[in-house]
Amino acid sequence: MKFYQSKIKKAKSFLNKNYCIGVPTETVYGLAANAYKDSAIKKIFRLKKRPKNNPLIVHYLDIESLKKDCIINDDFMKLYKKISSGPITYILRLKKNSKISKLVTNKKKSLAVRFPKHLILKRLLKELDYPLAAPSANISTKLSAVNASHVKEEFGSKIKYILDGGKCAIGLESTIISLINKPTILRVGGMDISTLKKILGKKIFFNINPKKIFAPGQSPVHYSPGIPLKINSIEPEKDGAFLSIKKKKKLKNYFYLSLNNDLNEAAKNLYTCLRIIKNKGYKSIAVEKIPYKGLGRAINDRLHRAAKFKTLKS
Ligand code: TXA
Ligand code: MG
């Protein structure tokens, strides 16, 4: 960890000057900036080419630092005690006197908050006297970044610094749950829904239908490698690649997400495999059917949205 002290110092100095930097989390890399400063938040939206009405997640070290900005309720306390820090984002009511930049929330009365588990990011948050707004570190609608070189691929020299924390342990974005009224899942992700149900001890509702856009980031096309992608496939298309859940044929255009049907491993490799296939110049990606259990649910969600790219083009 000592090795990271100079990197954390550097990250802090850029953030204090209101720049955006790349930061690691256990889900995906974030494009981070001071959540209390309008000028810093403006840079996030500009760099990501993100519509201004799509609010950002704010990352806190712990509940103490959150209390100044949000109203805490019983459901939140139950979940926080058991599973934070971790791959879950809570939507809570903002306090009237919160210092969060209005640009973060698009003037909404709610705030998306997360307590990341990545040790290096935790160390950085401990050093700062403000929380970090950080959407995924990718251009809007494109693939999220799960290592520092992906962040570089997205933004090149447009960002001042990337805090390299290695490969993300989970590889898919956090699960988002709104706790403002009845607990409602807005995005499936790294945290298993059955765990949430068990802890809350009550019914959980869903609002993840891309047609009913509640969270603006839940747009139909998202997580796209930038080439057509077809789900539930059994073979590649002409000049295309095939992506399977386990190791299959030893052919140049065959890629696999895990050695043998391991969905956690598949989640971790998903975005990297899609990037590799795109960068090798294949014209399309045919993906094998992925089971809908555990992280398979979130993998399917991302693949369905990525597959919309083709519909748009044709
Ligand atoms: O794992 C993650 O969640 C990563 C890491 C970096 O923390 N972040 C991430 O951020 O995926 P982003 O911006 O790519 O996705 C956040 C989603 C967006 O769809 C946004 O619309 C939604 O959260 N969101 C943010 N604030 C919201 C709010 N107040 N109400 C409803 N949805 C909100
Ligand atoms: Mg994103």
Check Ala33 against each of (1) over 13 Å from Pro131 (Cα atoms); (2) within 16 Å of ligand 2 (Cβ to nearest atom); (3) of a type in the set (Gly, Ala, Ser) and name the one condition it does not meet.
(1)
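Anything in segment 173-190 that is assigned to a loop (DSSP other than H, G, I, E, B) and under 20 Å from Gly296 (Cα atoms)? List them, or say none.
Passing the criteria: Glu173, Ser174, Val188, Gly189, Gly190.
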Residue list for segment 146-156, restricted to those being small (Gly, Ala, Ser) and farther than 13 Å from Ile21 by Cβ
Ser149, Gly156
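Please tell me if Lys108 is basic (Lys, Arg) and either modelled with pLDDT of 95 or more or more than 13 Å from ligand 1 (Cβ to nearest atom) (or both).
Values: basic (Lys, Arg): yes; either modelled with pLDDT of 95 or more or more than 13 Å from ligand 1 (Cβ to nearest atom) (or both): no.
No.
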First in segment 257-271 and among the acidic types (Asp, Glu), second anywhere and open to solvent by 20 Å² or more (accessible area, probe 1.4 Å), Cβ under 9 Å, 6 or more apart:
Asp262/Lys246; Glu265/Leu259
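Residues that are touching a helix residue (DSSP H, G or I) at 6+ places or on another chain (Cβ under 7 Å) and under 22 Å from Thr175 (Cβ atoms): find the helices (runs of 4 or more DSSP H) completely inside segment 30-106 holding 2 or more of those.
Where helices (runs of 4 or more DSSP H) fall fully within segment 30-106 and carry at least 2 residues being touching a helix residue (DSSP H, G or I) at 6+ places or on another chain (Cβ under 7 Å) and under 22 Å from Thr175 (Cβ atoms), they are 74-83.
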Would you mention how many residues in segment 243-275 are out of contact with any helix residue (DSSP H, G or I) (no Cβ under 9 Å at 6 or more places or on another chain), open to solvent by less than 80 Å² (accessible area, probe 1.4 Å) and farther than 19 Å from Asn300 by Cβ?
1
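Rundown of residues vs (1) in contact with a Cys (Cβ under 8 Å, 6 or more places away or on another chain); (2) within 10 Å of ligand 1 (Cβ to nearest atom); (3) under 30 Å from Lys78 (Cα atoms), yes/no style:
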{"residue": "Ser144", "(1), (2), (3)": "no, yes, yes"}
{"residue": "Ser149", "(1), (2), (3)": "no, no, no"}
{"residue": "Lys160", "(1), (2), (3)": "yes, no, no"}
{"residue": "Gly165", "(1), (2), (3)": "no, no, yes"}
{"residue": "Thr175", "(1), (2), (3)": "no, yes, yes"}
{"residue": "Leu179", "(1), (2), (3)": "no, no, yes"}
{"residue": "Pro183", "(1), (2), (3)": "no, no, yes"}
{"residue": "Arg187", "(1), (2), (3)": "no, yes, yes"}
{"residue": "Ile199", "(1), (2), (3)": "no, no, yes"}
For segment 115-141, enumerate the residues that are touching a residue at least 60 places away in the same chain (Cβ under 8 Å), away from ligand 2 (no atom under 16 Å from the Cβ) and in contact with a strand residue (DSSP E or B) (Cβ under 9 Å, 6 or more places away or on another chain).
His118, Ile120, Leu121, Leu124, Leu125, Leu128, Tyr130, Pro131
Among the numbered conditions (1) open to solvent by less than 30 Å² (accessible area, probe 1.4 Å); (2) out of contact with any Pro (no Cβ under 6 Å at 6 or more places or on another chain); (3) within 16 Å of ligand 2 (Cβ to nearest atom), tell me where His59 comes up short.
(2)
Looking at segment 158-193, which of the residues that are within 16 Å of ligand 2 (Cβ to nearest atom), crowded, with 24+ Cβ neighbours inside 10 Å and β-branched (Val, Ile, Thr) is farthest from Lys293 (Cα to Cα)?
Ile176
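Could you please find all residues in segment 144-164 being among the acidic types (Asp, Glu) and more than 18 Å from Arg46 (Cβ to Cβ)?
Taking segment 144-164 as the starting set, the residues that turn out to be among the acidic types (Asp, Glu) are 153-154, 164.
The answer is Glu153, Asp164.
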With the requirement that a residue be crowded, with 22+ Cβ neighbours inside 10 Å and part of a loop (DSSP other than H, G, I, E, B), what does segment 120-137 give you?
Pro131, Ala134, Pro135, Ala137
Among Cys20, Cys70, which is the only one that is over 21 Å from the mean Cα position of the chain (by Cα) and crowded, with 22+ Cβ neighbours inside 10 Å?
Cys70
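Can you find even one residue in segment 288-298 that is more than 26 Å from Leu186 (Cβ to Cβ), at pLDDT 95 or above and not in a helix (DSSP H, G or I)?
First pass over segment 288-298, keeping only residues more than 26 Å from Leu186 (Cβ to Cβ): 288.
With at pLDDT 95 or above added as a condition, the list becomes 288.
From the residues that got through so far, the ones that are not in a helix (DSSP H, G or I) too are 288.
Yes.
If you check Ile8 against the conditions, is it open to solvent by less than 20 Å² (accessible area, probe 1.4 Å), more than 16 Å from ligand 1 (Cβ to nearest atom), under 19 Å from Gly166 (Cα atoms) and in the same structural domain as Thr175 (by TED's automatic domain parsing)? Step through it out loud before you land on a result.
Working: open to solvent by less than 20 Å² (accessible area, probe 1.4 Å): yes; more than 16 Å from ligand 1 (Cβ to nearest atom): yes; under 19 Å from Gly166 (Cα atoms): yes; in the same structural domain as Thr175 (by TED's automatic domain parsing): yes.
Yes: the conditions hold for Ile8.
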Based on what the data block shows, is Lys102 surrounded by fewer than 16 Cβ atoms within 10 Å (Cβ to Cβ) and near ligand 1 (Cβ under 10 Å from one of its atoms)?
no
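The values are calculated or read from the model by the stated rules, or taken from the named source; none is laboratory data. The structure presented is a predicted model; accordingly, all values stated were derived computationally and were not measured. With ideal geometry, Cβ positions are generated from the backbone for all residues, glycine too; neighbour counts draw on all protein chains shown. Keep in mind that these areas ignore ligands, DNA and RNA; they rest on the heavy atoms of the full protein, side chains included. Shrake-Rupley method; radii C 1.70, N 1.55, O 1.52, S 1.80 Å.
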